[in-house]
Amino acid sequence: MSTIFNKSGKLMLSAVLAVATAFGVAGTAQAEWSPKKPVELIIMAGTGGGADQIARLLQGLIEKKNLSPRPFIPINKPGGSGAEALRYLQDKSGDDHTVLVTLNSFYTTPIIQDIGVDVTTFTPIGRMALDNFLLWVNTDMSDITDLDSYVATVKAKGKEWKVGGTGSGQEDSILTAMMEAYFGYEVTYIPFPGGGTVAKNLVGNHIDSTVNNPAEQNEFYRAGNTKPLVQFTAERLPAYPDIPTAKELGHPIEYYMQRSINGPPGMSKEAQMWYIDLFETLFNSEEWQTFCVEDGLACESFLKGDELGAYHQTEIAKHKDLIEKVGAAAITGE
Amino acid sequence: MESIVALLVSGILEAMQPTNFIMIVLGCTIGLLVGAMPGLGSVNGVAILLPITFLVPPTAAIIFLAAIYYGAMYGGAISSITLGIPGASTAVATVFDGRPLAQSGKADRALIAAAIASFIGGTISVILFTLFAPPLAAFALKFGPPEEFALMVLAFATFIGLGGDDIPKTIFSILIGLVLAAIGLDIISGQPRLIFGDISGFLHGINFLVLAIGIYGIGEMLWTLETTKGDVTVHKVRMSARSLMNNLRDIRQYIGTTTLGSVIGYFVGTLPAAGATPASLMAYGLAKTFSRDPDSFGKGNVSGVAAPEAGNNAASTGSMLPMITLGIPGSPTTAILLGGMIIWGLRPGPLLFSEHPDFVWGLIGSLYIANLVTVLINLAFIPVFVKVLTLPFTILAPTIYILCVVGGYAPTQTMHDVWLMFLFGIVGYLLRKLNYPVAPAVLAIVLGPLAERSLRQSLLASQGEMSIFVERPISAVCMFLALALVSYPVIRKFLNKRRSNGG
């Protein structure tokens, strides 16, 4: 009851509450920082995709649990495989009211495109989850029942085979390039503005296959529109017990995507600590953990601050190797 | 059929429950005001209001968010007509004729036409939604990149095909819009284009509202200053019960174009790629093309207000469909709605209709009620809105100016866009002096990126074969209709000439 009262109070008398919060904060911890204005929650991908769903869930949870004195406002900046979002954050250097929800294009886009952004200067906050990838086709493709029949069909079709994805340089295009290099075929890669649109085009048979995250396909899978063929994980996901991993089938292709929260370069230490606390609370919430299980995300440990910074360093090195191996041209399709 | 009626009745009853009904009235009123304020984007508005929704049950919460969204669609027209600044990108086409009507002292007429047309558009589309949601969702799936491109060509055709305007100037104006639309990051390779060296403000492209507010808000003010030489112009507007009845009688004049605009708006809205802005522009273009008096468009024709308003309201209902069945929100505001659904564990997708029928039908039922509530609130407020115009120019002009700056700053919160808006204001004023139509440029900057993306996706898929656009039945039909629309004014002129020769 008291929380409800607080919430309605906040709405009607936000100014009064701001003063009250300031007092309350001063009472408990002296140097405690908290947002002074709405926080921009930048999503480096389009609406309806995995990152978007996560950002919107987090925004809702922050409001529901009353974790921030100011609202978080999700803003999609999908342009140029995340280049737009990265540049935006770079330009916001020193700003304490902007945070970014990342995909792996956080690593790959600056490697592939010269956008003048060094993500190691960004302020690491926390890693919320590792997302997984599965290979999906429309259920109408009755000839394709497993990875072998998929590879055979794609080899026969060659460039006529259309793989949909969320943009050249995005993680799905990297995974697609990895498969091309490993199985020795070439496909046509078509970028769409978000994972939701990719799913729609797969269901509508405008593309032939895609490597989507579970969250982006689950509902269509349940409705019988699409089917997964193989998962690119170390172990079978609890949500897909009957789908083999590529590793089991003897193909060592494994790929994950981090879902982390990062601030712009030069964010103040106090603000960083506040965001780390906030996102750790969210990470440990029942709602988030349930979401992870339902959507096939791995949420075992929360990497925060410098741990996440170190993790970013190793991932950047890994992606540089990967991109060198398959060639940037294979990813951008040029 | 019976089951639909039963579900709908239970949905409407659900929406009439006290909590839900209060949320509808509250949401519509807030939405109306949010939509009417050029500075207060509905995205920020809805995001800030999200906490309210945690105080009520999920269905009431979603209904509240939907009502705000709905009210904002009505509200956008208000500032378009009274101030000449589009409150939202969806209301740009309403400025074309709404502003001239207001300047000639007929603001009440324009506002009533906008409200009634919005009501008709909303009602037609929600009925279509009720009856044909599942088959239309299936039909929307048939729209791949080639079909989307063909639809964009059709949208352009509705503008080139307008009789009366100077055709070379119209094409020139479209080309300016297309060049502006090309600014930003390349959608396929991600490389920056036309960013004038390395000005990072151009990376996100030209924000459409910045262009629209610049041209219509700032440009219009410069024009007014020149024509009136700063004279105090007081518009006389009288509102009485009799004038209300007279204005309601106008309906006969625009019912045809409104119905057409509603159906087109609804359909365009159901396609995830398009949305309400192209829908309203297409509705306007068609209304003008098929009008008996196309020359009066842009100078204050009531149909020119009614058609786009019907179109954008119908599209806003239509865009609920891809959100519910595919999880693809058509606009930033619907994206917040989507976020709300995810929090309550309602996953949008093809199964939502069958697994949570009470939620879906409650939402649909609330659209019927929200539509009725908003039109009544809107009509009740019109005398207040009209009063704005009776303010002396010395007060009105600075107010408009401030609203323009706030509206230009709000979407991206950078001064870059404010300077750009002033630049567009000056360019818009010059274009107007030189007698260039600016509406086609506005259309091009909205549709340009959508057309480019779908064109390039299609050509990637077809390995560069243009035939992909005529081989697929839906895109072939759209292409044919586009051709027919472009040639329609020419043919009509020819026929008219023959007729007059014969007589």
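Before moving on, here are some points about what is shown:
- Here B:402, B:336, B:328 are screened, and the one residue that is under 25 Å from the mean Cα position of the chain (by Cα), over 30 Å from residue B:11 (Cβ atoms) and either within 14 Å of chain A (Cβ to nearest Cβ) or modelled with pLDDT of 85 or more (or both) is B:402.
- Residue count, segment B:408-440 (criterion: assigned to a loop (DSSP other than H, G, I, E, B), under 28 Å from residue A:42 (Cα atoms) and in contact (Cβ under 8 Å) with a residue 12 or more places away in the chain): 4
- Test: residue A:322 is touching a residue at least 40 places away in the same chain (Cβ under 8 Å), aliphatic (A, V, I, L, M) and assigned to a loop (DSSP other than H, G, I, E, B): no
- Any hit, segment B:150-164, residues being within 14 Å of chain A (Cβ to nearest Cβ), in a loop (DSSP other than H, G, I, E, B), out of contact with any Lys or Arg (no Cβ under 7 Å at 6 or more places or on another chain) and surrounded by fewer than 23 Cβ atoms within 10 Å (Cβ to Cβ): no
- Of the residues A:96, A:131, the single one that is more than 10 Å from chain B (Cβ to nearest Cβ) and surrounded by fewer than 24 Cβ atoms within 10 Å (Cβ to Cβ) is A:96.
- Within segment A:255-295, if we keep just the residues that are out of contact with any strand residue (DSSP E or B) (no Cβ under 8 Å at 6 or more places or on another chain) and within 22 Å of residue A:135 (Cβ to Cβ), the residue that is surrounded by the fewest Cβ atoms within 10 Å (Cβ to Cβ) turns out to be A:293.
- Within segment A:208-229, the set of residues being within 25 Å of residue B:460 (Cβ to Cβ) and within 8 Å of chain B (Cβ to nearest Cβ) comprises A:220, A:225.
- Qualifying positions in segment B:295-325 - among the hydroxyl-bearing types (Ser, Thr, Tyr) and within 14 Å of chain A (Cβ to nearest Cβ): B:319, B:325
- Among the residues of segment A:186-215, those that are in a loop (DSSP other than H, G, I, E, B) and either of a type in the set (Val, Ile, Thr) or modelled with pLDDT of 90 or more (or both) comprise A:186, A:187, A:204, A:205, A:206, A:207, A:208.
- Within segment A:157-185, if we keep just the residues that are in a loop (DSSP other than H, G, I, E, B) and at the interface with chain B (Cβ under 8 Å from one of its Cβ atoms), the residue that is nearest to residue A:319 (Cα to Cα) turns out to be A:169.
- Scanning segment B:183-202 finds no residues that are out of contact with any strand residue (DSSP E or B) (no Cβ under 6 Å at 6 or more places or on another chain) and closer than 20 Å to residue B:284 by Cβ.
For every residue, the table says whether it meets (1) among the aliphatic types (A, V, I, L, M); (2) farther than 17 Å from residue B:420 by Cβ.
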position	(1), (2)
B:158	no, yes
B:186	no, yes
B:189	no, yes
B:197	no, no
B:201	no, no
B:205	no, no
B:209	yes, no
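- Residue in segment A:186-198 that is more than 10 Å from chain B (Cβ to nearest Cβ), under 14 Å from residue A:326 (Cβ atoms) and either surrounded by 24 or more Cβ atoms within 10 Å (Cβ to Cβ) or touching a Phe, Trp or Tyr at 6+ places or on another chain (Cβ under 9 Å) (or both) present: yes
Condition check ((1) over 27 Å from residue B:348 (Cβ atoms); (2) in a helix (DSSP H, G or I)) across all residues:
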residue	(1), (2)
B:291	yes, no
B:304	yes, yes
B:310	no, yes
B:323	no, yes
B:328	no, no
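- Candidates A:61, A:86, filtered to the one that is within 11 Å of chain B (Cβ to nearest Cβ), closer than 15 Å to residue A:279 by Cβ and outside any strand (DSSP E or B): A:61
- Complete set of residues in segment A:123-151 that are in a loop (DSSP other than H, G, I, E, B) and out of contact with any Ser or Thr (no Cβ under 9 Å at 6 or more places or on another chain): A:140, A:142, A:145, A:146
- Residue match in segment B:441-449 (condition: part of a helix (DSSP H, G or I), touching a residue at least 12 places away in the same chain (Cβ under 8 Å) and under 23 Å from residue B:224 (Cβ atoms)): yes
- Evaluated against (1) within 19 Å of residue A:259 (Cα to Cα); (2) modelled with pLDDT under 75, residue A:7 falls short on exactly one condition, (1).
The values are calculated or read from the model by the stated rules, or taken from the named source; none is laboratory data. No experiment lies behind these values; they were computed from the predicted model shown. As a convention, Cβ positions derive from the backbone with ideal geometry for all residues, glycine included, and neighbour counts pool all protein chains shown.
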